[in-house]
1. Can you work out the PRE-style zone for residue 112? Point 7 Å along Cα to Cβ, and I want the residues of the stretch 145-167 with backbone N under 14 Å.
2. Just for the chain, what percent of DSSP beta bridges are antiparallel, to the closest 5?
3. Suppose the chain between residue 309 and residue 78 were pulled fully straight at 0.36 nm per residue; how much longer would it get relative to their current alpha carbon spacing?
4. Stokes-Einstein at 37 °C, 0.692 mPa s, Kirkwood radius from Cα pairs: D for the stretch 1-153 in µm² s⁻¹?
5. Rounded to the nearest 0.05, what FRET efficiency do residue 321 and residue 143 give with R0 = 35 Å and r taken as the Cβ-Cβ distance? Could you check?
6. Going by Cα centres, the stretch 218-280 and the stretch 147-193 are how many Å apart?
7. Taking N as the number of residues in the stretch 126-171, what value does Rg over Cα atoms divided by 2.2 N^0.38 Å take?
8. How much length, in nm to one decimal, is gained on full extension between residue 247 and residue 167, taken as 0.36 nm per residue of separation minus their Cα-Cα distance?
Amino acid sequence: YILRPTGVTFAHTHAVWHVTHDPCIRGVVYASSADGSTHVCVRKNAESTSESSWSPPTMLERAHDRAVRCVAVSPCGRMLASASFDGTCAVYVRASPQHAWRRACALEGHESEVKRCAWSPSGSLLATCGRDRTVWVWEAHGEEEFECVAALHGHGGDVKCVTWHPSEDVLVSASYDESVRVWREDEDGDDWSCAQVLGGESGDGGEGHRGTVWRASFEPRRRMDGGAGARCVSCSGDGEFVVWNGSGFCNTELAFGVRFQCGHDQAVLSCDWGANGFIAAGGGDNSVRVYGEGADGVWRQVACIENAHDDDVNHVEWSPHDPME
């Protein structure tokens, strides 16, 4: 396989931390930056892959005075959240025209930098995590009011990532403490708690990573080959991936499956499991790499761009509209 950049340059003056696709509109991407801004860029011809097909980026109304670490669009495409080192998560509501956004509210509660935000599959819940070692779950009441329904403690270090199961309100977090945790709502619906600890420095969570866990990504519920996803992958500062096998109700119970080495010679900072079956990854060695699972169950590198960027590749993400982009 050959990776080829299609080219879009955002008008940020500092590092770009995160780029994400609009889940509802093909050819629209959002980027957040260390300069405290979030930009939207629209492909003039959604079918084109040339650099000239992108319109100049436009900046959303500024909501943060420190780096914006992550930006996430709700599944319905109506709301956008941005997580910042200023300790807040801002929520925007889509306005008119189509690619305009209005700042609606700011979610406050974390004691330090907010590292990540993610919408649940239904879009009714928003998860945030941060340097204060906590995971927060917010419930949306309309588009401008949010209630914190859980502030979750348990990690022994920065929480680097939160990601939702593709079909259930089950949350996974990854941390500096080398663990992956699974959180779910209690049966009575009054609170949330930790259902599983996977790996970790103490060893209590069994086999896992041997370094900071930077990202976790679920296998898509529906794959291009017609199969149903049942696993989760995580990447780490140890230069390895761990695939966790799912079981139980909707495969929401995770257990160690396999560990495989990557081609990165520094920390793997991001990974994303695509509907095409491939895992894309970016790392501290400035490269983007793609891994595929063979018929023998062994994962191997199938594509790579060395020096894809001039510095760390902080985020990679497959397009929800084109499984090979």
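1. 154-161
2. Antiparallel bridges: around 100 percent, rounded to the nearest 5.
3. Taking residue 309 through residue 78 to full extension adds about 80.0 nm, to one decimal.
4. In µm²/s, the coefficient is 207.
5. The calculated FRET efficiency here is 0.90.
6. Rounded to whole Å, the Cα centres lie 18 Å apart.
7. 1.21
8. Additional length available on full extension: 27.4 nm.
Throughout, read-outs are computed from the coordinates displayed, never taken from laboratory work. A quick note: this is a predicted structure, and the numbers were derived from the prediction, not measured. Here the Cβ is made from the backbone with ideal geometry for all residues, glycine too, and neighbour counts use every protein chain on show.
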